[in-house]
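J.: For reference, the structure I am asking about is given below.
The values are calculated or read from the model by the stated rules, or taken from the named source; none is laboratory data. Here the structure is a predicted model, which is why all the values come from computation and not from measurement. Quick reminder, even Gly has a Cβ in these numbers, built from the backbone with ideal geometry, and neighbours come from all protein chains shown. Note: areas computed on protein heavy atoms with side chains; ligands, DNA, RNA excluded. Shrake-Rupley method; radii C 1.70, N 1.55, O 1.52, S 1.80 Å.
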Amino acid sequence: MSAHRLDETVSPILLAPTGVRSSVRRIGALLRRYIYLLRSSSVRLVELIYWPFLQMLTWGFLQKFLASTNNPYAKGAGVLIGAVLLWDILFRSNLGFFTTFIEEMWSRNLGNLLISPLRPHELVMALCIWSVMRLSVGMIPVALAAFLIFEFNLLNLGLWLVVFFAMLVLTSWSLGLIAAGVMLRYGLGAEELAWSLAFLLLPLTCVYYPLSALPGWLQYVALALPPTHVFEGMRAILLEHRFDPGDLWWAFGLNVFYLAVGYGVFRWLLSRARDNGSLLQLGE
C-alpha cells in the first residue's frame, strides 16, 4: 500500500491542545457551565444562604444569652458567632466542591467530561475555584447579617481573617478530594459516608471549645488537623488580643500535606475507576 493510500484511509488522531492557555480555557468553560446552572435556579441561590443564615441566628442568640451571664468566657467578643462563621467557611467550601462533583455523577456527565480534552487536574482546579465562588455567594450576606443583628464584625479578625479563610478552604479541598475519590471507588452507595466526612472534624478540631477541653491523648489528634490551629488562633485574637504565628505555620504545613495526600488518593482512585470501566457506569 502506498504512502498516499495510507494517508487517505487512516484518520489523524487529534490530541488535546496543551499549554497554560488551553488549560485556562477549559477551566473557564467548566466554570461558565457551573455559573449558568446556578443562575438558572433561584432555589440553589437561596439554599446557599439559607442554612448558614439559620445557623448564625441560632448560635448568635445563644451567644447573646450567654453574654448576659457572669461567665467571663461567654462574654468573649462573639467567640461563638466567629466559630460558626469560620466553621461554615470550611463546611460550605467542602460542600461546594463535593456537591458539584457528585452532581456530575448524578447526571452521568462525569464520564463525558473525563473523555473530553479536560485533564483531571483541570477538573479539580475548576471545582476548587467554584467552591470559593459558591462560598462567597453564601457567606458574604450572612457575615453582613451577623454584623447587623449581633454587631459582630468578622473583619475584627483583621488580616488574619484572610489567613484563616485560606487555611480552612485548603482543608475543605483536601476533604473534597478524598470524598470524590471514595465516590469513584465505591459509587453512590458511599454517598452518605462522603457527605459526612467533614462532620468527622467537628468534634476534633475544637470549633466551639478550647483544645484544653479534650482529653490529653485526643489533643495530639486534634493538633494534627489544620482547623484546630485556626480555631485556637481565632480564640486567642478575640479573647486575648494576641496571635501565635506558630499556629499559622502548623496549619499551612498540615494543609500542604493533606492536600497532596487528597490529590494523590483522588488520582489513584480515578485511575482504578478508568481501568475497571466503572467510570461510565456511575450515576443514578
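J.: Just one of L204, L269, L248, L211 is at pLDDT 80 or above, aliphatic (A, V, I, L, M), within 18 Å of the chain's Cα centre (by Cα) and surrounded by 15 or more Cβ atoms within 10 Å (Cβ to Cβ); which is it?
T.: L204
J.: Right, something else. Tell me the residue from L188, L193, L200, L184 that is more than 22 Å from V124 (Cα to Cα) and not polar (S, T, N, Q), please.
T.: L200
J.: Additional query: Only one residue in R267, R235 is under 22 Å from N94 (Cα atoms) and among the charged types (D, E, K, R). Which one?
T.: Exactly one of R267, R235 is under 22 Å from N94 (Cα atoms) and among the charged types (D, E, K, R), namely R267.
J.: Out of the residues in the range 226-245 that are of a type in the set (A, V, I, L, M, F, W, C) and touching a residue at least 40 places away in the same chain (Cβ under 8 Å), state the one that is surrounded by the most Cβ atoms within 10 Å (Cβ to Cβ). Please lay out each step first, then the result.
T.: Filtering the range 226-245 down to residues of a type in the set (A, V, I, L, M, F, W, C) leaves 230-231, 234, 236-239, 243.
Within this subset, residues satisfying the condition of being touching a residue at least 40 places away in the same chain (Cβ under 8 Å) are 230-231, 234, 237-239, 243.
Details: V230: 30, F231: 28, M234: 22, I237: 21, L238: 18, L239: 15, F243: 17.
The qualifying residue surrounded by the most Cβ atoms within 10 Å (Cβ to Cβ) is V230.
J.: Could you pull out the residue among A190, A260 that is closer than 30 Å to L110 by Cα, open to solvent by less than 70 Å² (accessible area, probe 1.4 Å) and modelled with pLDDT of 90 or more?
T.: Just a single option satisfies the conditions, and that option is A260.
J.: Please work out which residue is surrounded by the fewest Cβ atoms within 10 Å (Cβ to Cβ), limiting yourself to the range 108-150 and to residues that are under 17 Å from G96 (Cβ atoms) and polar (S, T, N, Q).
T.: The extreme case among them is S136.
Conditions tested, residue by residue: (1) on the phi > 0 side of the Ramachandran plot; (2) at pLDDT 80 or above.
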{"site": "G28", "(1), (2)": "no, yes"}
{"site": "L37", "(1), (2)": "no, yes"}
{"site": "Q55", "(1), (2)": "no, no"}
{"site": "A67", "(1), (2)": "no, no"}
{"site": "G78", "(1), (2)": "yes, no"}
{"site": "I81", "(1), (2)": "no, no"}
